[in-house]
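Novice: Below: one structure in structure tokens.
The numbers here are math on the coordinates, done by the rules we state, and not lab data. Keep in mind that this is a model prediction, so the values were computed, not measured. Neighbour counts run over all protein chains shown; Cβ positions are idealised from the backbone, glycine included.
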Amino acid sequence: NSGNSGGPVFDNTGCVAGVAFSKVAKSGSDNIGYIIAASTVNAFLSRCHPEEGTYVMSPSAPYRCSRLFNRSLRLAHKVPDHIEGVLLHSVCETAVNSQLKVGDVLTKVDNYNLES
């Protein structure tokens, strides 16, 4: 529906899944909308400090990764089913003082869970 941008989007349990921001409005398409995930909104808001008039920028991620939703990928890298995150495929050699390496599985960034 037009006019929903900026409003909440609910999942099938009634919880807020995100914020509506765009939809496809051309013939041949129906009910295709886009949202900003609630986790992204929460991360943004946690970095806002309106009382100080500041915003803490999110660090850039100098790597390439894949979400771990594929069972075969999980098995190949010995990642248990209950772990959510991303598998690193390449890492900038100067990234994070070279603490990250290809094959690492990231489960959190800035204390925020990464979902597969």
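Novice: Return the distance in nm (one decimal) between the two label points of a simple spin-label model at Phe10 and Arg47, each offset 7 Å from Cα along Cα→Cβ.
Specialist: 3.0 nm
Novice: Follow-up. To the nearest 0.05, what FRET efficiency results for Leu106 and Ile36 with a Förster distance of 22 Å applied to their C-beta separation?
Specialist: 0.55
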